[in-house]
Amino acid sequence: MLDPMQAWQLIGKGVVEEDVPVWEHFKRGSRHTIQPLIELPNGQVIWGAALVERAKRIWLGAISDGYMPADYPWPTIRKAVGQLKTELEKALEDRAYEVCARAIPYVIKGIDFKRRFPKQHFPDVGDYDVLTYRPEKNLWLTIECKYNQPVFCLKDTRRLRDRIFGRGSERGQLSKIQRRREFLIENVEQIRTLLGWPAPGDRPFSLTELYVSKEMHFWLRFPPYEVPTHFVQIDTLDAWLSSKAAPNDIVDGTS
């Protein structure tokens, strides 16, 4: 039910705003597009079929992406939707692993070396969503799978940019990828031995990083600064690997 007294208020703020811009959509809980029922002074409720259908599509679309259409303070529902987002993120990792396992002989997913090998006293750099190795070429491939919130307006693309690439001294998601990159380079031989993978051929060490997501956005195609990471949509991961490698090879990190 649309509450007209809250149409000019943002969720979490008890003041009437002079303006509620479109980029505040997540805090605009009283939007006719997601609350299509209107109560008249006599208690009757009016609605339009087309608007209700649109509201249904917005709610289903947002929740199927693992997010609420607005920042409603509903703990039980938020928990359920958050669980759905976790399942979607896990499915993204599983899919990336399956694609790599078809082309690369040594693949492991979701490995945290600090927890997997506590006696080695490794630093905490988080887990590798997918880690692969081709010994005859001494080629390593790391994949970071990220399920980001879909953008709603132009300002959301900037927010996504800051979340991924950081802002100012903060490096965002890429800072974690950088720590894992440095950890792998420093401990590659120890890691290979612990995993029981064969010794490399007579080739120099090479590393390729992939950032795999459900959708490609502007800042993934045009990063704000140069990074060694490749950004790939999950639906095109198989094709990306094929285009960068011969049938018995994998992309060289220096290419």
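The values are calculated or read from the model by the stated rules, or taken from the named source; none is laboratory data. Only a predicted model underlies this, so the values are computations on that prediction, with no experimental measurement involved. Note that each Cβ is placed from the backbone with ideal geometry, even for glycine, and that neighbours are counted across all protein chains shown.
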Please pick out the residue among P36, P73 that is outside any helix (DSSP H, G or I) and without any contact (Cβ under 8 Å) to a residue 60 or more places away in the chain. P36
Could you check, for region 45-63, whether at least one of its residues is modelled with pLDDT under 95, in contact with a Lys or Arg (Cβ under 8 Å, 6 or more places away or on another chain) and not in a helix (DSSP H, G or I)? no
How many residues, within region 185-214, are in a helix (DSSP H, G or I) and of a type outside the set (K, R)? 10
Members of region 89-146 that are of a type outside the set (F, W, Y), more than 23 Å from the chain's Cα centre (by Cα) and in a strand (DSSP E or B): R134, L139
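So that you can scan it fast, the table gives a plain yes or no per residue for (1) out of contact with any Gly (no Cβ under 7 Å at 6 or more places or on another chain); (2) surrounded by 15 or more Cβ atoms within 10 Å (Cβ to Cβ); (3) in the same structural domain as V20 (by TED's automatic domain parsing):
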{"position": "P118", "(1), (2), (3)": "yes, no, no"}
{"position": "H121", "(1), (2), (3)": "yes, no, no"}
{"position": "T132", "(1), (2), (3)": "yes, yes, no"}
{"position": "N138", "(1), (2), (3)": "no, yes, no"}
{"position": "N148", "(1), (2), (3)": "yes, yes, no"}
{"position": "K155", "(1), (2), (3)": "yes, no, no"}
{"position": "G172", "(1), (2), (3)": "no, yes, no"}
Filter region 53-70 down to the residues that are over 16 Å from L37 (Cβ atoms) and buried (at least 16 other Cβ atoms within 10 Å of the Cβ) and list them by number. A62, I63, D65, G66, Y67, M68
